[in-house]
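Peer 1: First the structure, then my questions, so here it is.
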Number of protein chains: 2
Amino acid sequence: MSPEKLAFVGGTGPEGLGLAIRFAAAGHAVVIGSRSAERAQEAAAKVRSKVPRAEVDGRLNEEAVREGEIVLVTIPFAGHRDTLKALAPAIGAKIVVDVVSPLAFGGRQIKALAVPEGSAAQQAQALLPQAAVAAAFHHLDAGSLMALEERLEADVLVCGDHPQAKLRTMALAEQIAGVRALDAGPLANSRYLEEFTVVLLSLNKNYRAHTTLRIEGIARAGGRPRRGGKPAQR
Amino acid sequence: MSPEKLAFVGGTGPEGLGLAIRFAAAGHAVVIGSRSAERAQEAAAKVRSKVPRAEVDGRLNEEAVREGEIVLVTIPFAGHRDTLKALAPAIGAKIVVDVVSPLAFGGRQIKALAVPEGSAAQQAQALLPQAAVAAAFHHLDAGSLMALEERLEADVLVCGDHPQAKLRTMALAEQIAGVRALDAGPLANSRYLEEFTVVLLSLNKNYRAHTTLRIEGIARAGGRPRRGGKPAQR
């Protein structure tokens with residue numbers, strides 16, 4: 001996989017920053033997007049402090065997505081709809097990887113929020129009809145991503161209806177040391193991935209842990225989907 | 001943990017049968033329930049053929065749950081509401097472990113079914129207000145459970161609002177060789193567990209595999225929840 005320029009919509013939060021650090025370390029050019037150019041540049045400086053050789057910039061979201069070849073969406077769900085609606089012309093037909101889990105943290109319990117489109121990623125696809133949306137990276141712990149010296153032990157589950165977008169997202173995921181990407185089916189499955197984040201956060205609370213997911217039963221060597229990434233039928 | 005008598009509501013299907021075999025092998029007395037006494041006895045004979053020393057019987061569902069100390073619900077979701085409603089007097093205040101994932105297999109894709117109560121396990125708790133319902137075992141592959149010579153590699157995520165029911169379910173799960181039980185929070189989280197079954201079935205299809213789940217980031221030795229099974233607050 002040749003290095004691609006990756007744009008982060010909302011790359012100043014821990015999840016976006018963590019992924020940006022890992023992908024910069026893997027040799028990708030990274031553009032951190034934010035609603036504030038100043039905060040974008042601060043985040044870019046953080047990436048550079050972890051990965052001194054990084055090719056990284058901070059920009060307004062719209063400029064960031066224009067520059068990027070693949071767009072990663074790492075904003076809080078509260079701004080998901082409005083932000084993507086505004087960015088649709090700039091994103092056009094690019095590959096969009098939605099990382100957002102729509103969660104409510106009110107009270108003592110974390111809950112998944114109902115999304116009219118089904119999931120955050122399905123909402124992204126509805127708002128960006130030209131784009132090829134995949135959903136991935138929901139279950140990687142932000143703190144672990146930022147601790148570049150830590151090797152992750154995680155499977156990244158990738159959903160999507162565009163085979164090429166899915167395969168490129170899977171290839172991207174596997175550039176993070178210790179990560180295996182798995183084809184988790186169509187974009188309609190993204191809701192189950194997004195909502196499962198609640199379970200991992202519950203485990204983190206109960207065990208004071210930073211949990212990630214592993215799937216047992218798929219040989220690591222054989223971890224390629226059948227028939228070019230499209231879910232096969234029985 | 002002293003052996004308990006376990007009753008299976010709908011123990012003739014692969015998931016119930018697989019769990020019954022594993023628990024019989026661990027020394028529990030098992031009562032397989034079914035709508036048909038004949039099919040219950042056939043299933044009991046299957047358990048006995050795998051575990052010759054098993055203390056196992058086949059009964060009508062109602063007789064089975066009267067005999068059992070812990071009731072495991074392993075019926076298809078289609079019959080979930082009516083079956084539990086009818087069994088409520090016989091179940092009374094027992095511990096009920098709901099294993100059901102409400103899924104629709106129509107067309108090319110598997111989907112999760114919406115449940116008015118939130119999840120199958122929450123529906124069970126609503127129908128059985130005296131009982132202490134936990135949700136668990138959704139992600140263990142039925143075929144692997146039945147292959148007693150196979151060691152599983154899986155974490156069983158357990159949800160529930162009754163701490164004692166949750167702890168006993170966790171202890172039960174860990175009697176299956178290779179299984180670690182984890183406290184995955186309140187019963188409201190059961191929906192995310194049930195629906196995640198769709199993802200594992202998609203992976204099974206895509207990779208011709210029998211997948212199970214592992215959680216990374218919790219030391220196996222430290223795999224005990226804080227404060228007696230109740231989710232702790234930060």
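Peer 1: Is it true that A:Ala124 is part of a helix (DSSP H, G or I) and surrounded by 15 or more Cβ atoms within 10 Å (Cβ to Cβ)?
Peer 2: Criteria met by A:Ala124.
Peer 1: Any chance you could count how many residues in region A:149-198 are within 13 Å of chain B (Cβ to nearest Cβ) and part of a helix (DSSP H, G or I)? Outline the logic, then answer.
Peer 2: In the first step, residues of region A:149-198 are kept if they are within 13 Å of chain B (Cβ to nearest Cβ); the result is A:150-161, A:163, A:166-167, A:170, A:178-198.
Among the residues that remain, those that are also part of a helix (DSSP H, G or I) are: A:163, A:166-167, A:170, A:187-198.
Counting residues in region A:149-198 that are within 13 Å of chain B (Cβ to nearest Cβ) and part of a helix (DSSP H, G or I) gives 16.
Peer 1: Within region B:93-110, can you find the residues that are in contact with an Asp or Glu (Cβ under 9 Å, 6 or more places away or on another chain), over 14 Å from B:Arg66 (Cα atoms) and part of a strand (DSSP E or B)?
Peer 2: If the condition is that a residue be in contact with an Asp or Glu (Cβ under 9 Å, 6 or more places away or on another chain), over 14 Å from B:Arg66 (Cα atoms) and part of a strand (DSSP E or B), then B:Asp98, B:Leu103 are the ones that fit.
Peer 1: Given the condition within 17 Å of B:Asp155 (Cα to Cα) and aromatic (Phe, Trp, Tyr), answer yes or no: does some residue in region A:173-195 qualify?
Peer 2: Going through region A:173-195, the residues within 17 Å of B:Asp155 (Cα to Cα) turn out to be none.
No, region A:173-195 contains no residue that is within 17 Å of B:Asp155 (Cα to Cα) and aromatic (Phe, Trp, Tyr).
Peer 1: Shifting gears a bit: If B:Phe137 passes every condition in (1) surrounded by 21 or more Cβ atoms within 10 Å (Cβ to Cβ); (2) at pLDDT below 95; (3) among the aromatic types (Phe, Trp, Tyr) but one, which one does it miss?
Peer 2: Result: B:Phe137 fails condition (2) only.
Peer 1: Is at least one residue of region A:186-196 within 21 Å of B:Thr212 (Cα to Cα) and of a type in the set (Ser, Thr, Tyr)?
Peer 2: Checked region A:186-196: at least one residue is within 21 Å of B:Thr212 (Cα to Cα) and of a type in the set (Ser, Thr, Tyr).
Peer 1: Considering region A:147-192 alone, what residues qualify as being surrounded by fewer than 24 Cβ atoms within 10 Å (Cβ to Cβ) and of a type in the set (S, T, N, Q)?
Peer 2: A:Gln164, A:Gln175
Peer 1: Here are A:Ala44, A:Ala104: which of them is more than 21 Å from A:Gln123 (Cα to Cα) and either buried (at least 24 other Cβ atoms within 10 Å of the Cβ) or among the small types (Gly, Ala, Ser) (or both)? So that I can check it myself, show each step before the final result.
Peer 2: Numbers: A:Ala104 fails: more than 21 Å from A:Gln123 (Cα to Cα).
On inspection, the qualifying residue turns out to be A:Ala44.
Peer 1: Going through region B:1-15 one residue at a time, which ones are in a loop (DSSP other than H, G, I, E, B) and of a type outside the set (A, V, I, L, M, F, W, C)?
Peer 2: Within region B:1-15, B:Ser2, B:Pro3, B:Glu4, B:Lys5, B:Gly10, B:Gly11, B:Thr12, B:Gly13 qualify.
Peer 1: Please pick out the residue among B:Ala120, B:Ala112, B:Ala219 that is in contact (Cβ under 8 Å) with a residue 24 or more places away in the chain, within 11 Å of chain A (Cβ to nearest Cβ) and not acidic (Asp, Glu).
Peer 2: None of the other options fit; the residue is B:Ala112.
Peer 1: Could you say which residue among A:Phe105, A:Phe77 is of a type in the set (Phe, Trp, Tyr) and at pLDDT 95 or above?
Peer 2: Working: A:Phe105 fails: at pLDDT 95 or above.
Just one listed residue meets the conditions, A:Phe77.
Peer 1: Consider only pairs whose beta carbons are under 8 Å apart and that are at least six residues apart or on different chains; among these, list those whose first residue lies in region A:201-212 and is at the interface with chain B (Cβ under 7 Å from one of its Cβ atoms) and whose second residue is surrounded by 20 or more Cβ atoms within 10 Å (Cβ to Cβ) and polar (S, T, N, Q).
Peer 2: A:Ser202/B:Asn189; A:Leu203/A:Thr211; A:His210/A:Ser144; A:Thr212/A:Ser144
Peer 1: Taking interchain pairs and intrachain pairs at least six residues apart, which have beta carbon atoms under 7 angstrom, with the first residue in region B:186-199 and free of Cβ contacts under 8 Å to residues at least 12 places away in the same chain and the second of a type outside the set (Gly, Ala, Ser)?
Peer 2: Partner pairs satisfying both residue conditions: B:Tyr192/A:Glu195; B:Tyr192/A:Phe196; B:Tyr192/A:Val198; B:Tyr192/A:Val199; B:Val199/A:Leu157; B:Val199/A:Asn189; B:Val199/A:Tyr192; B:Val199/A:Leu193.
The values are calculated or read from the model by the stated rules, or taken from the named source; none is laboratory data. Fair warning: this is a prediction, and the values are worked out from it, not measured in the lab. Cβ atoms come from the backbone with ideal geometry, glycine included; neighbour counts cover every protein chain shown.
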